[in-house]
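Report on one structure; see the data block that follows.
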Amino acid sequence: MHRDPADPPTTILIKAEAGRDGIGVFLVENRGPAPVSAEATISRFADSAGREVRLEVRFEPPVVALAPGEQTVVRVAASVEESLEPGVRYLATVTLPGVSEIGIPLAVRRRPPIVSASPEVAGPAASEPTPSRPRRTVKKPAEPATTRRRPRKAARNGT
């Protein structure tokens, strides 16, 4: 299914906790009659108030080369820094000059850290390791021995 060029492109949202990489993907297609090749570029990231931030962004593949009618998926990884405010969207635009004239909106958002119960809240048992249960081994009942008895040889008397 192809997108109508009049429709705005869908925003790629990348979310991760501080210190981690967030991942997003987008599809690129060459609808032209000639091969194309371009390196993905990205604008500066800014929040809704216009405050700019610098983020490390990597594309895979770093250069998109497509024959006519060919398409590929581009993976984008953004390092989510501690300096980003949790829950705030930082927007930028990805472009592939010569492949597409339409910029792809990219949003990066820092997830709030996952909070676990502290020992003071949960009580002392929460900080103590849980004892492991001994493994219970189920033994198969022994099968009755099947031994053959040799018939006794008759005693030979010399008489």
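The values are calculated or read from the model by the stated rules, or taken from the named source; none is laboratory data. Since we're looking at a predicted model, the values are computed, not measured. We place every Cβ from the backbone using ideal geometry, glycine too, and count neighbours over all the protein chains shown.
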| message | Looking at the structure I just gave you, is residue 101 within 21 Å of the chain's Cα centre (by Cα), at pLDDT below 95, exposed (fewer than 13 other Cβ atoms within 10 Å of the Cβ) and among the charged types (D, E, K, R)? | response | no
| field | Enumeration of residues in the stretch 71-95 that are under 18 Å from residue 48 (Cα atoms) and either β-branched (Val, Ile, Thr) or outside any loop (DSSP other than H, G, I, E, B) (or both) | value | 80, 86, 88, 89, 90, 91, 92, 93, 94
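Let me confirm something: among 34, 40, which residue is aliphatic (A, V, I, L, M) and closer than 16 Å to residue 102 by Cβ?
On the way: 34 fails: closer than 16 Å to residue 102 by Cβ.
Residue meeting the stated conditions: 40.
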